[in-house]
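Q: Attaching a single structure in structure tokens format; questions to follow.
Derivation of every value follows stated rules applied to the coordinates shown; laboratory data play no part. Please read all numbers here as calculations on a predicted model, not as lab measurements. Note that we place each Cβ from the backbone using ideal geometry, even for glycine, and neighbour counts take in every protein chain shown.
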Amino acid sequence: MLLLTAKPVAEKIRVEVKRRVHLFSQQFGRRPKLSVILVGDDNASQIYTQRKGELALQLGMDHETITFPKSVTPAEVRNRVQKLNQDPGVDGILIQRPLPKKFLEGDVLFWISPEKDVDAFHPQHAGELHLGLPTFEPCTPAGIMELLSHYQISIQGKVACVIGRSPIVGQPMAALLLKADATVIQCHSKTQDLKALARQADILIVAAGKAGLVDATYIKPGATVIDVGIHRTSDGKLTGDVLFEEVAQVASAISPVPGGVGPMTLSILMRNTIHAAEIRERARQHLA
Ligand code: NAD
């Protein structure tokens, strides 16, 4: 059984990003900058935001986290995002999810200007992705594609099943697998006989957000299994949507939690940020 650990892949991407950040800073006389918006005091969100900031600084970028209390109005946050959109010193913006219920996702998706949308959630990016056009790719699915590529898991012609259809993970994941010539089965909470569909998969991606949903009976022998879920157990350990110990007996390759998809997501976020910075500065030079 092959353990699909992120460490070597994530590290390779971080080295490459650091090199590009260094070149960028030399060439344009400033560091690329990532601005993160955090609303409320959700503990997990605070930790994720802190990690993003620390990694950005480690790779030579500038970083700021702009925090708002839970009582803030959506209009106030939108105004702040608009200021960041217009700030020439800001290259990447992201709004940490989950947001309080009064924020309507269908509105928020449009707030960050596409050129600074390093999470790649803007409908323009989603549309480009689904049409198979070059675009910014959402960090988690793009990180999973890098993980599969690094471990030489072939995708072309394989049956891939994605459990989950969120706009952030499941949908873009299916689009990327389709673009890579897999035959894709997309499942969700209303899917009937999930197990029978999952068992057809050569590559099973589990992003349901349900701890321990997938056991060994969901797995085609020899399949590759990617666990996107993150949950904290009552004793403080991290666990995923997949029952690792038993699934590892049937699968030929499996990603662990922690140490699998999570670090890949972070690395791709950094890569999207330097990419956004390079595109904007080159466009500015071209116009000058
Ligand atoms: P979400 O709640 O927005 O979407 C979950 C999807 O799973 C939905 O489409 C739903 O229809 C489907 N689903 C739920 N229960 C199901 C069931 N019993 N059978 C089949 N489908 C079911 O969640 P999300 O934002 O897509 O995240 C999914 C999980 O991945 C969460 O645990 C989240 O914390 C984790 N996550 C991890 C990373 C990372 O970097 N590792 C990044 C994003 C999300």
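Q: How large is the dipole of the range 1-51 about the Cα centre if only Lys and Arg carry +1 and Asp and Glu carry -1, each at its Cβ, rounded to the nearest 20 debye? Don't jump to the answer; show the numbers that get you there.
A: Working: 10 positive and 4 negative charges, 86 e Å.
Dipole about the Cα centre, nearest 20: 420 debye.
Q: Relative contact order for the chain: what is it in percent, counting Cα pairs under 8 Å that are at least 6 residues apart?
A: Averaging sequence separation for qualifying contacts and normalising by length gives 21 percent for the chain.
Q: Using the charge dipole of the chain (Lys, Arg: +1 at Cβ; Asp, Glu: -1 at Cβ; taken about the Cα centre), state which of Ala253, Thr239, Ile13 has its Cα farthest towards the positive end.
A: Positive-end residue among those listed: Ile13.
Q: What whole-number distance in Å separates the alpha-carbon centres of the range 27-53 and the range 101-153?
A: Using only Cα atoms, the two centres lie 17 Å from each other.
Q: State, as an integer percentage, the relative contact order of the range 139-261 based on alpha-carbon contacts under 8 Å between residues 6 or more apart.
A: Contact order relative to length: 22 percent.
Q: While we're here: Could you pull out every whole DSSP H run in the chain that spans at least 30 Å of Cα extent along its own axis and averages -1.0 or higher on the Kyte-Doolittle scale?
A: Working: long enough: 7-28 (31 Å, -0.56); 261-287 (39 Å, -0.16).
Helices meeting the span and hydropathy rule in the chain are 7-28, 261-287.
Q: Using the beta-carbon distance between Lys70 and Phe28 and R0 = 51 Å, what value does 1/(1 + (r/R0)^6) give for FRET efficiency, to the nearest 0.05? The partial results should precede the final answer.
A: Working: r = 37 Å, r/R0 = 0.73.
It comes to 0.85.
Q: Determine the shape class of the range 210-288: with a ≥ b ≥ c the square roots of the Cα gyration tensor eigenvalues, call it rounded for a/c under 1.5, and otherwise prolate if a/b is greater than b/c, oblate otherwise.
A: Verdict is prolate for the range 210-288.
Q: Got a sec? Charge dipole of the range 139-261, +1 on Cβ for Lys and Arg, -1 for Asp and Glu; which of Pro167, Val206, Ile219 is way out at the positive end?
A: Pro167
Q: Further question on the same structure: Pick out which of Lys102, Lys190, Lys70 has the largest mean-square fluctuation in a Gaussian network model of the chain, springs linking Cα atoms closer than 10 Å.
A: Lys190
Q: A follow-up question, please. Please label the shape of the range 28-113 as rounded, prolate or oblate, based on the square roots a ≥ b ≥ c of the eigenvalues of the alpha-carbon gyration tensor (a/c under 1.5 means rounded; beyond that, a/b larger than b/c means prolate, else oblate).
A: oblate
Q: Just order 80-90, 266-276, 252-262, 194-204 by mean Cβ neighbour count inside 10 Å, highest at the front, would you?
A: In decreasing order of mean packing, 80-90, 266-276, 252-262, 194-204 become 266-276, 252-262, 194-204, 80-90.
Q: Once you put a point 7 Å from the Cα of Phe110 and another 7 Å from the Cα of Asp87, both along the Cβ direction, what distance in nm separates them?
A: 2.4 nm
Q: Any idea what diffusion coefficient the range 112-193 gets from Stokes-Einstein, in µm²/s, Kirkwood Rh on alpha carbon pairs, 25 °C, 0.890 mPa s? Don't skip to the answer; put the middle values down first.
A: Values: Rh = 13.2 Å.
Rounded to a whole number, D works out at 186 µm²/s.
Q: While we're on this one: Under the rule a/c < 1.5 gives rounded, and otherwise a/b versus b/c splits prolate from oblate, where does the chain land using the Cα gyration tensor? Could the numbers behind the result be given before it?
A: On the way: a/c = 1.78, a/b = 1.54, b/c = 1.16.
Note, shape of the chain comes out prolate.
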